[in-house]
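To keep things clear, I will list the structure first and then write my remarks on it.
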Amino acid sequence: MQIRIETLKSRPCKLRVDEPLEAFPVLRDLAGQGELLVHGSIRAELVAIQANDLVEVEGTMLCSVVLPCSRCLQPVEQQLEMPVALSFTRESFGTTAGDEELELTEDAIGLIPFEGDTIDLREPLEQELLMALPQHPLCVEDCAGLCPVCGVNLNRQRCACTPPVFHGGLSALKGFKVAKE
């Protein structure tokens, strides 16, 4: 998953990525903790071009992940197809502040700094995939979740538990309205 800068000087470079989960350390650690499972490999079709001092990498990344439902913890499989748009630069931007001006850093403007004659895409692609993971995956839209008392999956069966009474300390603010002047 390396781009040689020298090859980009004459023409754009097409890249095909087909890597197992083990090639991405953070994803591998999440899988080891039981947070996610990746079916098959992580694939990407990318094109890299050099534009002056920038190297632009664009394309699409695909993978199939299994995550626990955020309500009932049952496995949920989702196909992820995400666009990839990465910009790399050799230039270094400072962070010195003038009277009223603050110079932006590479991070602030979305540039990824690199050194040398190659760019390793492993970490940026892993970050793109992590950002694309759903925050609250659901097995079904109206998932009932788990009983907060006994833990039974309410999608499969009902329980006779009495729902817990939550602290009503802030309930006095329920009817609070701000008076407009």
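No value in this document is a laboratory result; all are computed from the given coordinates. This is a predicted model, so every value here is computed, not measured.
So the values come out like this:
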{"read-out": "Calculated diffusion of region 108-160, Stokes-Einstein form, Kirkwood radius summed over Cα pairs, 10 °C and 1.306 mPa s, µm²/s", "value": "102 µm²/s"}
{"read-out": "The chain - Debye-derived log10 I(q)/I(0), Cα point model, q = 0.12, 0.15, 0.17 Å⁻¹", "value": "-0.79, -0.95, -1.07"}
{"read-out": "Per residue convex hull volume, Cα atoms of region 1-91, in Å³", "value": "111 Å³"}
